[in-house]
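The structure appears right after this line, and notes come after that.
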Amino acid sequence: ILNYADEDPDNSNNVILFYTKRSQSKESYGSGPNDINREHVWAKSHGNFADVRPMDGDAHNLHPTDASVNMTKSNYDFDECTATGTYLDEADAWYTTTQFEPADASKGEVARTIFYMAVRYEGTEDEIDLETVDAVGTYPLPQHGKLSTLLEWNRDFPPTDLERRRNE
């Protein structure tokens, strides 16, 4: 699904990587630092839903991403950390030991993905009840934050044509 949903509209052999917005060959999935891997925007460790279907494989939560960026992002909550964090040049992002601030190009989509997961998974039918909270450092609880920042990102960074196309 990622090869279709995140296909580069200018090059059908490539996908657009989530945090870097780089176009890269669909054939480059792997474990190397510049290979593509599958990002769970709502980290599956936040609620421990690895192998819990349909949560673990929900296409709205999955994106192709640069493996090294995904490793740095880890399972951190999302929040502003430019003033206190470490700069990740490859993704024009910032991070600390508990939070990740993606580049502006990804902020709105990150927020909407987190909101989708919180609304979609309410603890019914053996699924875990996911909640968006106004905090960071929420691992391993089934929570993701920081709500106030995500609301701001959703407002300040509206959906792009690529995001609209992906959701359709």
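The values are calculated or read from the model by the stated rules, or taken from the named source; none is laboratory data. If you're wondering where the values come from, they're calculated on a predicted model, not measured in any experiment. Counting neighbours? That spans all protein chains shown, and the Cβs are built from the backbone with ideal geometry, glycine included. Keep in mind that these areas ignore ligands, DNA and RNA; they rest on the heavy atoms of the full protein, side chains included. Shrake-Rupley method; radii C 1.70, N 1.55, O 1.52, S 1.80 Å.
Could you tell me whether region 72-79 includes any residue that is among the polar types (S, T, N, Q), modelled with pLDDT of 95 or more, within 12 Å of the chain's Cα centre (by Cα) and in a loop (DSSP other than H, G, I, E, B)? Yes, because at least one residue in region 72-79 is among the polar types (S, T, N, Q), modelled with pLDDT of 95 or more, within 12 Å of the chain's Cα centre (by Cα) and in a loop (DSSP other than H, G, I, E, B). Name, by its number, the condition in (1) closer than 24 Å to residue 146 by Cβ; (2) surrounded by fewer than 13 Cβ atoms within 10 Å (Cβ to Cβ) that does not hold for residue 44. In the conditions (1) closer than 24 Å to residue 146 by Cβ; (2) surrounded by fewer than 13 Cβ atoms within 10 Å (Cβ to Cβ), residue 44 misses (2) alone. Of 95, 19, all but one fail to be open to solvent by 20 Å² or more (accessible area, probe 1.4 Å) and aromatic (Phe, Trp, Tyr); the exception is 95. Which of the numbered conditions does residue 57 fail, given that it passes all the others? Conditions: (1) farther than 25 Å from residue 148 by Cβ; (2) surrounded by fewer than 18 Cβ atoms within 10 Å (Cβ to Cβ); (3) in contact (Cβ under 8 Å) with a residue 12 or more places away in the chain; (4) within 16 Å of the chain's Cα centre (by Cα). Among (1) farther than 25 Å from residue 148 by Cβ; (2) surrounded by fewer than 18 Cβ atoms within 10 Å (Cβ to Cβ); (3) in contact (Cβ under 8 Å) with a residue 12 or more places away in the chain; (4) within 16 Å of the chain's Cα centre (by Cα), residue 57 violates only (3).
Sort out for me the helices (runs of 4 or more DSSP H) sitting completely within region 87-168 that have 3 or more residues that are at pLDDT below 95.
On the way: elements: 104-120, 147-156, 161-167.
Because the criterion is at least 3 residues that are at pLDDT below 95, the helices (runs of 4 or more DSSP H) in region 87-168 that meet it are 161-167.
Being under 13 Å from the mean Cα position of the chain (by Cα) and basic (Lys, Arg), is that true of even one residue in region 98-110? Yes; the residues of region 98-110 include at least one that is under 13 Å from the mean Cα position of the chain (by Cα) and basic (Lys, Arg). Of the residues contained in region 41-59, none is found to be β-branched (Val, Ile, Thr), part of a strand (DSSP E or B) and more than 24 Å from residue 160 (Cα to Cα).
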